[in-house]
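The values are calculated or read from the model by the stated rules, or taken from the named source; none is laboratory data. All values reported here derive from a predicted model rather than from experimental measurement. Quick reminder, even Gly has a Cβ in these numbers, built from the backbone with ideal geometry, and neighbours come from all protein chains shown. What goes into the accessible areas is simple: the full protein's heavy atoms, side chains included, and nothing from ligands, DNA or RNA. Shrake-Rupley method; radii C 1.70, N 1.55, O 1.52, S 1.80 Å.
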Amino acid sequence: MPRPSRWPEILQAAGQEFREHGYESATLEGIATRVGILKGSVYNYVDSKEDLLLAVVEQPARALLDELERLLADTDSGVAVRLRELVRMQVRIFSEYYPAAFVYLEHLGRLEQSARFAEFRRMDARYMEAVEALVAEGAACGEFSLAAEPRIVARAIVGMIDWMQHWFTPHGEEADIRLADQLFALALGGLAAGGSMRAMLGALPDPLVAGSTS
């Protein structure tokens, strides 16, 4: 077992190294330098750089899934309320596990290629299924009017959240909740009025169609 005195520092340093340089360019030496230890000391905790990547992404991935299961168990709240809580939860995990949560998002492609990370692929699939189920439930009960099928809408929402890896930095609980609610307001506009906007779009003249008939 890793010694707790340096392991949290190594995890944090590894997250920063992977975030700044990517997995391929990150080095155990660079991680050790951030902690202030020798490169060889890192091997007291892990056997390889891949072990470190696994350790870095495991905490935010499990935290997200645990929170997701709690949210799905809440059947008393409306769909919009639960979806807002999901966005808040995601932003909170981005903040609490910064930058490890973004290391996970940035390296999904690599994780998908490794058999050691099969569990994370299942977690990612479970998350997407949950968002899609919430969107579909909202459409079925009349809370939402969708511009597209639930599968597409869910991926658009998740894509908006995941893009935060390119610009988000934590600014404290109050500011992060405010940001999460702003993002959800953007999504909710499309969820509530997407169907009517799609109908309106269908009534607009389409230059491509008009050009093909001339």
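Residue count for the range 134-171, restricted to those that are within 22 Å of VAL79 (Cβ to Cβ), part of a helix (DSSP H, G or I), touching a residue at least 60 places away in the same chain (Cβ under 8 Å) and not β-branched (Val, Ile, Thr): 1. Scanning the range 1-44 for residues that are exposed (fewer than 14 other Cβ atoms within 10 Å of the Cβ) and aromatic (Phe, Trp, Tyr) returns a single hit, TYR43.
Given the structure, is LEU111 crowded, with 18+ Cβ neighbours inside 10 Å, modelled with pLDDT of 90 or more, in a helix (DSSP H, G or I) and in contact with an Asp or Glu (Cβ under 9 Å, 6 or more places away or on another chain)? For LEU111, the condition - crowded, with 18+ Cβ neighbours inside 10 Å, modelled with pLDDT of 90 or more, in a helix (DSSP H, G or I) and in contact with an Asp or Glu (Cβ under 9 Å, 6 or more places away or on another chain) - is not met.
Has the range 185-203 got at least one residue that is among the polar types (S, T, N, Q), within 23 Å of LEU71 (Cβ to Cβ), in contact (Cβ under 8 Å) with a residue 12 or more places away in the chain and open to solvent by less than 90 Å² (accessible area, probe 1.4 Å)? No, the range 185-203 contains no residue that is among the polar types (S, T, N, Q), within 23 Å of LEU71 (Cβ to Cβ), in contact (Cβ under 8 Å) with a residue 12 or more places away in the chain and open to solvent by less than 90 Å² (accessible area, probe 1.4 Å). Filtering the range 164-180 to residues that are of a type in the set (A, V, I, L, M) and modelled with pLDDT of 95 or more leaves ALA175, ILE177, LEU179, ALA180. Take VAL81 and tell me if it is open to solvent by less than 20 Å² (accessible area, probe 1.4 Å), of a type in the set (A, V, I, L, M, F, W, C) and either at pLDDT 90 or above or over 25 Å from GLU143 (Cβ atoms) (or both). Judged against the criteria, VAL81 is not a match.
How do the helices (runs of 4 or more DSSP H) wholly within the range 12-95 filter down when requiring 3 or more residues that are within 21 Å of THR169 (Cβ to Cβ), in contact (Cβ under 8 Å) with a residue 60 or more places away in the chain and out of contact with any Cys (no Cβ under 7 Å at 6 or more places or on another chain): which remain? Don't jump to the end; show me each part of the working.
Details: elements: 28-35, 39-42, 49-72.
Filter on the range 12-95 gives 49-72.
With respect to (1) over 22 Å from ARG88 (Cα atoms); (2) part of a helix (DSSP H, G or I), the lone exception for ALA185 is condition (1). Take the conditions (1) of a type outside the set (Lys, Arg); (2) open to solvent by 40 Å² or more (accessible area, probe 1.4 Å); (3) at pLDDT 85 or above; GLU119 misses just one of them, which is (3). Of the residues making up the range 166-197, those that are out of contact with any helix residue (DSSP H, G or I) (no Cβ under 7 Å at 6 or more places or on another chain) and of a type in the set (Val, Ile, Thr) number 1.
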